[in-house]
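All remarks here apply to the structure that follows.
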Amino acid sequence: GKSVEYTVVEFPIDEYAAKVDVTNDDLTEVYESSAKQFTEPRQVLLKRIAFAKEKAAPSSLEEMMNPEKKAEEPGNEAKKGKAEAALKRLKDGEDFEKVRSETTENVTGAEAVAEGAWVTVSSLDPKLKPAAQKLQKGEFSSVLETDAGFFIIRIEDLKPQRVKPLDEVKAEVEAIVRKNLA
């Protein structure tokens, strides 16, 4: 039979990456081809008016196994009515903070709407995303229902989706170029 003799030589990328000459053309090419990687999603600062849903314990094994088949709690219609009444007050021109302080309830759990911090629209409950995506600063939504409750959200401030400029991500782009060329 035939045999082959070979030698393996390891070339650590890190050693060679530092020696690579990076040109502005290299940076621009990688930046433009990777723009999605440097995109900051839309972020919003929310305030909310909230009405917590009442949750009863499952009454049967079938409800435990299939929570979506569970009958609506009767008190939730009243909660929805309160949310609709709050929305009417807002549409009639009442101040959001006034209505909020007089009506909002404490809603906890994973489905609750966070407020007071910047959040990406993509991190919100799927039932809130469409409203948070289209509302502009100072606008409020209609009544939105999630598993946690009924909400009216207002956009206090927003940061639109944007591609970070090259000078802001230059170090990251340069590291990519060096690794690729090494």
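Assorted remarks:
- The chain: most fluctuating residue of A132, A35, A85 per GNM, C-alpha cutoff 10 Å: A35
- Residue among A148, A86, A117 with the largest mean-square fluctuation in a Gaussian network model of the chain, springs linking Cα atoms under 10 Å: A117
- Placing unit charges on the Cβ atoms of the charged side chains and taking the dipole of the chain about its Cα centre, the candidate lying farthest along the positive direction among A171, G149, F11 is G149.
- With every protein chain in place, the chain: carbon and sulfur % of accessible area (1.4 Å): 50
- For the cross-link pairs K98/K159; K134/K164; K134/K159; K88/K127; K53/K88, the ones whose C-alpha atoms lie over 24 Å apart are K98/K159.
- Residues of type lysines that K170 reaches as a straight line, Cα spacing below 18 Å, ignoring anything fewer than 8 places off in the same chain: K19, K36, K179
The values are calculated or read from the model by the stated rules, or taken from the named source; none is laboratory data. Small disclaimer: the values here were computed from a predicted structure and weren't measured. Reconstructed Cβ throughout: ideal geometry from the backbone, glycine too, with neighbour counts over all protein chains shown. The area values use the complete protein model at the heavy-atom level, side chains included, leaving out ligands, DNA and RNA. Shrake-Rupley method; radii C 1.70, N 1.55, O 1.52, S 1.80 Å.
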